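Visitor: Here you go, one structure.
The values are calculated or read from the model by the stated rules, or taken from the named source; none is laboratory data. Here the structure is a predicted model, which is why all the values come from computation and not from measurement. Positions of Cβ are backbone-derived with ideal geometry, glycine not excepted, and every protein chain shown enters the neighbour counts.
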Amino acid sequence: MCGIVGYVGKQDAGPLVLEALKRLEYRGYDSAGIAVIQDGRLAVEKAAGKIAVLEQRLEGHLPRGCTALAHTRWATHGAPTDDNAHPHTDCGGTMALVHNGIIENAGTLRERLQQCGHRFRSETDTEVLAHLVEEAFTDSLELAVAAALRQVEGTYGIAVVSSREPHTIVAARHGSPLLVGLGDHEYFIASDAAAMLAHTRSVVYLDDGEIAVLSPEGYRVTDLETEPVEKSVSTVEWDLASVERGGFAHFMLKEIMEQAEALELTLRGRLLEDDGNARLGGLNLANEQLLEIDRVVLTACGTSWHAALIGEYLLEELARIPAEVEYASEFRYRNPILDHRTLVIGISQSGETADTLAAIREAKRRGAHTLGIVNVVGSTIAREVGGGIYIHAGPEIGVASTKAFTCQVAALALLTLRLGRLRALSVLQGREIVRALRKLPGQMSQVLARAAAVERIGEQFARAPNALYLGRGYNFPVALEGALKLKEISYIHAEGYPAAEIKHGPIALIDEMMPVVFIAPRDAVYQKILSNVQEVKARRGRVIAIVTEGDAEITGLADHSFPIPETIDPLTPLLSVIPLQLLAYYIAVRRGCDVDKPRNLAKSVTVE
Ligand code: AGP
């Protein structure tokens, strides 16, 4: 998710859009840029790194003019470099464009444009849009943008300026948020209200398929056929701090709530239903090499390590490849047995975790193939592995990882499809997995819509001194993840166990003070976990159960239960983890903890 801001009016636009852009830096922060129409000419400056790097670059010579765009990037195509930063310009250097989203047919369009003589300077999908607009631009920027967008597949929020129409901004939205800010003979465009609250609270939210044309004389909104569209004016009530969090009290809650959207982005363009397979363009391993692999080692830390555990179960059960999981901090100092038939997969949201990076480097030294499952494009791990899968979850600001976890598991499911369909996974089995994945974002939304029920359960346990999380099979790692979420943001000591394991010691802890969370969907081991629930209830334990909708047996035994929609066993973690994320969140809030920045923790552990 990138940050976009534009201004047209009577003020000096450069400093104004730069200041506004800082309000959006949480949306993406790997590079930034600005375009200003100065004395009828286009001036563009952009730099890899945070906005502060761009400001240093501009020191003392920020272009002056009354029309400007600025952008802070969350890379999806192409590493964070000066050339890949937005704005992107046309060949003639008269037009600049900023974009948030993913252009799915960028490759085809780029080839055609290059054959027509267009010269590209970046690896991004966005630059294709700039050349498409240039190609269509005769005497109207608005008509050129509309013509260009009619050729595009994918998602966009864009804003465009041109020295040929120095007092105009053309903006358009399809799948990525954009809103117009209304001032007195001055107008704003931005990806969220945080960018303009210092200037106006009167806004017009664009909807998909709409184009806005702004000038000091006014604004108008049309559809892609440039037919006028009537829009209502809204007033932003939020304060600045809450707007940056999209109106949520904490980034963690925002990121929990946007998991369905994030999962859509992880899966976008990658599901091949007919073939029961996944399209993964970044593995950089041919089928012959993938078939040579006789063992997979998944290595990570923390929440990513829990995702790796689910990956182990997926790969062994469905792709029939021996798989094992290693704590990166252990792996790097053991003397692991690896060779060219071993695939080592590093899983990391930040792509900067020191132990995981070191494990990848050790694997490469020993001749193993390496892949990364990473969120931050162009991060160190992403650049050092042989290939990988970006999860496209958008920036994860809250220290406690939530949407990255579910997107990592989804990426592992895609990789399992890819490897499994080269081996024993049938097309029918593959199609079943693809169909179940396609349904998941909607099912996630159903679970998220019932967050208030989890909040009510959380109120009962905010004072608990300890907690146990129990699961089996694919949901044993979910038990570990639920326990980690609770302890890292509420500071309540919690442990996760395979449910059957409690008989070997932990059951001694059970009493009426001990909340026991069971992840107990109706899966292959349901009857077994039912017995475990009975064992805990027989010892007066307080049971919270995550169950499948319609469940009666465990629901009848539990003190509190929370239903999740039915899906295939291997994908239940993507739904069963959500109430556990919310439970930890609501308990931590009730305990007055700093949810987004828990004590002693950092978002990315870049030291040993
Ligand atoms: C999880 O909530 C924690 N923030 C932490 O365990 C995290 O998952 C771990 O540090 C790994 O980070 P990474 O995914 O960025 O490598």
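Visitor: Which of the residues belonging to the stretch 422-452 are over 18 Å from Q259 (Cα atoms), assigned to a helix (DSSP H, G or I) and not β-branched (V, I, T)? Explain how you work it out, then say what you get.
Guide: Initially, the stretch 422-452 is screened for residues over 18 Å from Q259 (Cα atoms), giving 422-435.
If we keep only those that are assigned to a helix (DSSP H, G or I) as well, we get 427-435.
L428, Q429, G430, R431, E432, R435, listed by residue number.
Visitor: For the condition among the small types (G, A, S) and crowded, with 24+ Cβ neighbours inside 10 Å, what is the one hit in A413, A449, A453, A436?
Guide: Values: A449 fails: crowded, with 24+ Cβ neighbours inside 10 Å; A453 fails: crowded, with 24+ Cβ neighbours inside 10 Å; A436 fails: crowded, with 24+ Cβ neighbours inside 10 Å.
Going through A413, A449, A453, A436 in turn, the sole match is A413.
Visitor: So which residues in the stretch 215-238 are farther than 23 Å from S163 by Cβ and either in contact with a Phe, Trp or Tyr (Cβ under 7 Å, 6 or more places away or on another chain) or part of a loop (DSSP other than H, G, I, E, B) (or both), if there are any at all?
Guide: L224, E225, E227, V229, E230, K231, S232, V233, S234, V236, E237, W238
Visitor: Yes or no: the stretch 394-401 includes at least one residue that is assigned to a strand (DSSP E or B), within 30 Å of I103 (Cβ to Cβ) and out of contact with any His (no Cβ under 9 Å at 6 or more places or on another chain). Explain how you work it out, then say what you get.
Guide: First, pick out the residues of the stretch 394-401 that are assigned to a strand (DSSP E or B): none.
The answer is no; no qualifying residue exists.
Visitor: Something else now. Which ranges mark the helices (runs of 4 or more DSSP H) fully within the stretch 250-314 that have 1 or more residues being closer than 19 Å to K364 by Cβ?
Guide: 287-292
Visitor: Also, quick follow-up: So how many residues does the stretch 398-432 have that are modelled with pLDDT under 95 and either over 17 Å from M252 (Cβ atoms) or out of contact with any helix residue (DSSP H, G or I) (no Cβ under 8 Å at 6 or more places or on another chain) (or both)? Don't jump to the end; show me each part of the working.
Guide: Of the stretch 398-432, the ones modelled with pLDDT under 95 are 398-399, 424.
Of the ones still in play, those that are also either over 17 Å from M252 (Cβ atoms) or out of contact with any helix residue (DSSP H, G or I) (no Cβ under 8 Å at 6 or more places or on another chain) (or both) are 424.
Number satisfying all stated conditions: 1.
Visitor: Answer yes if at least one residue in the stretch 336-355 is within 11 Å of the ligand (Cβ to nearest atom), in a strand (DSSP E or B) and of a type outside the set (V, I, T), and no otherwise. Step through it out loud before you land on a result.
Guide: Initial filter on the stretch 336-355 (within 11 Å of the ligand (Cβ to nearest atom)): 346-355.
Subset that is in a strand (DSSP E or B): 346-348.
Filter again for of a type outside the set (V, I, T), leaving 346, 348.
Yes, the stretch 336-355 contains at least one residue that is within 11 Å of the ligand (Cβ to nearest atom), in a strand (DSSP E or B) and of a type outside the set (V, I, T).
Visitor: Within the stretch 63-118, work out how many residues are hydrophobic (A, V, I, L, M, F, W, C) and assigned to a loop (DSSP other than H, G, I, E, B).
Guide: First pass over the stretch 63-118, keeping only residues hydrophobic (A, V, I, L, M, F, W, C): 66, 68-70, 74-75, 79, 85, 91, 95-98, 102-103, 106, 109, 113, 116.
After this cut, where a residue has to be assigned to a loop (DSSP other than H, G, I, E, B) as well, the list is 66, 74-75, 79, 85, 91, 102, 116.
So the count comes out to 8.
Visitor: Go through the residues of the stretch 583-598 one by one and say whether even a single one is more than 16 Å from the ligand (Cβ to nearest atom), among the basic types (K, R) and over 17 Å from A464 (Cα atoms). Please lay out each step first, then the result.
Guide: The first filter runs over the stretch 583-598 and keeps only residues more than 16 Å from the ligand (Cβ to nearest atom), leaving 586, 589-592.
From what's left, among the basic types (K, R): 590-591.
Okay, now just the ones that are also over 17 Å from A464 (Cα atoms), so none.
For the stretch 583-598, residues more than 16 Å from the ligand (Cβ to nearest atom), among the basic types (K, R) and over 17 Å from A464 (Cα atoms): absent.
Visitor: Against the condition out of contact with any Pro (no Cβ under 8 Å at 6 or more places or on another chain), more than 25 Å from D82 (Cβ to Cβ) and modelled with pLDDT under 95, how does E142 come out, does it pass? Walk me through it before giving the result.
Guide: Details: out of contact with any Pro (no Cβ under 8 Å at 6 or more places or on another chain): yes; more than 25 Å from D82 (Cβ to Cβ): yes; modelled with pLDDT under 95: no.
Against the criterion (out of contact with any Pro (no Cβ under 8 Å at 6 or more places or on another chain), more than 25 Å from D82 (Cβ to Cβ) and modelled with pLDDT under 95), E142 does not qualify.
Visitor: On the basis of being under 25 Å from I337 (Cβ atoms), within 24 Å of the chain's Cα centre (by Cα), away from the ligand (no atom under 16 Å from the Cβ) and not polar (S, T, N, Q), does L291 make the cut?
Guide: Details: under 25 Å from I337 (Cβ atoms): yes; within 24 Å of the chain's Cα centre (by Cα): no; away from the ligand (no atom under 16 Å from the Cβ): yes; not polar (S, T, N, Q): yes.
Judged against the criteria, L291 is not a match.
Visitor: All but one of (1) modelled with pLDDT under 95; (2) farther than 22 Å from N84 by Cβ; (3) within 16 Å of the ligand (Cβ to nearest atom) hold for E384; state the number of the condition that does not hold.
Guide: Status for E384: all satisfied but (2).
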